[in-house]
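Nothing in this text is a laboratory measurement; each read-out follows from the coordinates by a stated rule. Since we're looking at a predicted model, the values are computed, not measured. Heads up, the Cβs are rebuilt from the backbone with ideal geometry, glycines too, and the neighbour counts pull from every protein chain shown.
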Amino acid sequence: MSTGLKDAPSVGEELRVPIAADVDVVTARQTARDVAAEAGFSSGDQTVIAAAISEIARNILMYAKRGEIILGVVQNGDRQGVVVVARDQGPGIPDVARALQDGYSTSGGLGLGLPGARRLMDDFDLSSAVGRGTTVTMRKWRRLSP
């Protein structure tokens, strides 16, 4: 069910969703679905984008306690996409390569969050500095009709 996003971002604009509680994860998911719908993504792709955001936003809550999800629409030639930037100023990730491996978890979970989000999206970049925080940038693309 869409909430009917009135101020969907145009190409180059962005929406920010603060993440500090479980309800914020739900808000970020729904806002992303709305942005993706406005950008012409199928309901299946909207669900994929929302799932990736869920994983990343839950990591913000678990490890950094607070952060933000920034959503935007980007265009590259004959493709339009949704870009998601998740940013926190938490403890950072000491071994990014290991954190991106299936099954690796420092919280006792299944270790599927980061690698799962990476698989769901078309582009995925993670940068992290211990003691300074983590930024994840993800994109999902769709071809524009000729």
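Summary table below
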read-out: Residue-span extension gain [V130 to R58] - 0.36 nm each, minus C-alpha spacing; value: 24.0 nm
read-out: Label-point separation in nm, K65 to D123, each point 7 Å along Cα→Cβ; value: 3.4
read-out: Note, ³J(HN,Hα) from phi for segment 94-101, Karplus 6.51, -1.76, 1.60, rounded to Hz, x at Gly and Pro; value: x, 10, 4, 4, 5, 5, 8, 8
read-out: Summed side-chain charge close to A20 - residues other than A20 whose Cβ falls under 14 Å, Lys, Arg +1, Asp, Glu -1; value: +1
